[in-house]
Amino acid sequence: MTMGDQPKRPLSFTVGKRRIGGPAAPFVVAEISGNHAGDIGRAFDLIDAAAAAGADAVKFQTYEADTLTINSKEPAFTVQTPLWRDQTLYDLYIKAQTPFVWHERLFQRAADAGILAFSAPFDPTAVDLLQSLDCPLYKIASCELVDLPLIMRVAATGKPMIMSTGMATFDEIDEALMAARSAGARDIALLHCVSGYPSSAADANLATLAELKHRFGTLVGLSDHSPGTTTAVAAVALGACIVEKHLCLERGDGSVDSDFSLEPDEFARLVGDCRNAHAALGTVANGPVAAEADSLRFRRSLFVVADIAPGDRITERNVRSIRPAGGLHTRYYADILGRTAVQTVKAGTPFAWDMIEKEGSGS
């Protein structure tokens, strides 16, 4: 049985006091990643900046270079992504790692700042560490979507899971979800992702969001590595209930991911724009809303536009469809033309049936 064949689950869940999905505003995550540049003070500043920008959560990556790879200079271990070209995986992860010994202080700083903290573990020791800190939510990174033992280890915690799908086929996503479900996971969201650093709007393929939701019956969101905020806001309009974006203190400050991260003022704009986009979706509307109440007065209707005397014919010269409302509906215009007035009517008077002879009375 594929995930698409399984009974659909309620498309919302709660993390801490925050509802994700359903009618809730998008859950906006500030990804800290390696932008602390090995300085815990800078990591604290990033947490504070995320809270000040209005983010719902900060996310860390819980690994150390020795838990993620080995120190090898073989070609298979050398990065060719332009941003980090010719660095070995080990050297890159040494710069980007968030040391295990920092985590308790980072989670406490987030609590003090009033913002939710969670992380992406990259091996079982990372899961154990995060469990000891009562991590409320787990992230599976795109490259780890094929690490089924890790997914099952995270799922066994019973905590909600967010799984990024960069590079993955639908079959690989299905296999990862089946592994998570089989190990006890219930609350899962899939994040559409392009694992390019940076990625482009042209590669975003946001139409995939609807397909993920339809095919797998989960909450969906976006892990975004594109410049600016446009792609993320568009994703919200297409149903993303989670938006994850990297945060830096200053782009170009030398931290490993800063080139495709948002600065604090940009991140605040992202939060506001995503929430406005969600609010703008609303519900199916039929008829005027409260904000349109006064505008109803300025709809078109039939008005007398030149003085009419008894016996005058109704023509396009003395009755027209104009603003405001209040006169006879315009649908009756053809019916009244050529009819005979039975009273004196001043220009500017809303037209009404009793101003003309009854149909069939003749003159």
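Are any of the residues in the stretch 179-189 of a type in the set (D, E, K, R), outside any helix (DSSP H, G or I) and farther than 23 Å from Phe107 by Cα? Scanning the stretch 179-189 turns up at least one residue that is of a type in the set (D, E, K, R), outside any helix (DSSP H, G or I) and farther than 23 Å from Phe107 by Cα. Inspect the stretch 18-28 for any residue being part of a helix (DSSP H, G or I), of a type outside the set (Val, Ile, Thr) and either touching a helix residue (DSSP H, G or I) at 6+ places or on another chain (Cβ under 9 Å) or open to solvent by 30 Å² or more (accessible area, probe 1.4 Å) (or both) and give the result as yes or no. No, the stretch 18-28 contains no residue that is part of a helix (DSSP H, G or I), of a type outside the set (Val, Ile, Thr) and either touching a helix residue (DSSP H, G or I) at 6+ places or on another chain (Cβ under 9 Å) or open to solvent by 30 Å² or more (accessible area, probe 1.4 Å) (or both). Summed over the stretch 122-165, residues that are more than 24 Å from the chain's Cα centre (by Cα) and closer than 23 Å to Ser182 by Cβ total 22. Screening His246 against (1) within 16 Å of Gly166 (Cα to Cα); (2) not in a strand (DSSP E or B) leaves a single unmet condition, (2). Quick check on the stretch 309-325: of everything there that is farther than 14 Å from Trp353 by Cβ and in contact with a helix residue (DSSP H, G or I) (Cβ under 8 Å, 6 or more places away or on another chain), which residue is surrounded by the fewest Cβ atoms within 10 Å (Cβ to Cβ)? Result: Arg323. Going through (1) open to solvent by 20 Å² or more (accessible area, probe 1.4 Å); (2) of a type in the set (Lys, Arg); (3) within 24 Å of the chain's Cα centre (by Cα) one by one, Arg109 falls short only on (3).
Within the stretch 89-102, identify whether any single residue is open to solvent by 30 Å² or more (accessible area, probe 1.4 Å), β-branched (Val, Ile, Thr), in a helix (DSSP H, G or I) and modelled with pLDDT under 95, and answer yes or no. There is at least one residue in the stretch 89-102 that is open to solvent by 30 Å² or more (accessible area, probe 1.4 Å), β-branched (Val, Ile, Thr), in a helix (DSSP H, G or I) and modelled with pLDDT under 95. For residues that are among the aliphatic types (A, V, I, L, M) and more than 14 Å from the chain's Cα centre (by Cα), tally how many sit in the stretch 269-290. Residues flagged as among the aliphatic types (A, V, I, L, M) and more than 14 Å from the chain's Cα centre (by Cα) within the stretch 269-290 amount to 4.
Remark: pairs (first residue in the stretch 310-328, on the phi > 0 side of the Ramachandran plot and polar (S, T, N, Q); second residue exposed (fewer than 14 other Cβ atoms within 10 Å of the Cβ) and in a strand (DSSP E or B); Cβ separation under 6 Å; 6+ apart in sequence or on different chains) are absent. Considering only residues in the stretch 55-88 that are closer than 20 Å to Leu130 by Cα and assigned to a helix (DSSP H, G or I), the one that is nearest to the chain's Cα centre (by Cα) turns out to be Leu68. Within the stretch 43-63, residues that are among the acidic types (Asp, Glu) and open to solvent by 20 Å² or more (accessible area, probe 1.4 Å) have Cβ atoms under 8 Å from residues that are at pLDDT 95 or above and in a helix (DSSP H, G or I) in these pairs: Asp48/Arg109; Asp48/Ala113, counting only partners at least 6 apart in sequence or on another chain.
If we scan the stretch 158-176, do we find a residue that is open to solvent by 70 Å² or more (accessible area, probe 1.4 Å) and of a type in the set (Gly, Ala, Ser)? No: the stretch 158-176 contains no residue that is open to solvent by 70 Å² or more (accessible area, probe 1.4 Å) and of a type in the set (Gly, Ala, Ser).
The values are calculated or read from the model by the stated rules, or taken from the named source; none is laboratory data. Everything numeric here is computed off the predicted structure, so don't read it as measured data. Because the Cβ atoms are built from the backbone with ideal geometry, glycine has one as well, and the counts that use them run over all protein chains shown. Each accessible area value is taken on the protein alone, full model and side chains, heavy atoms only, with ligands, DNA and RNA left out. Shrake-Rupley method; radii C 1.70, N 1.55, O 1.52, S 1.80 Å.
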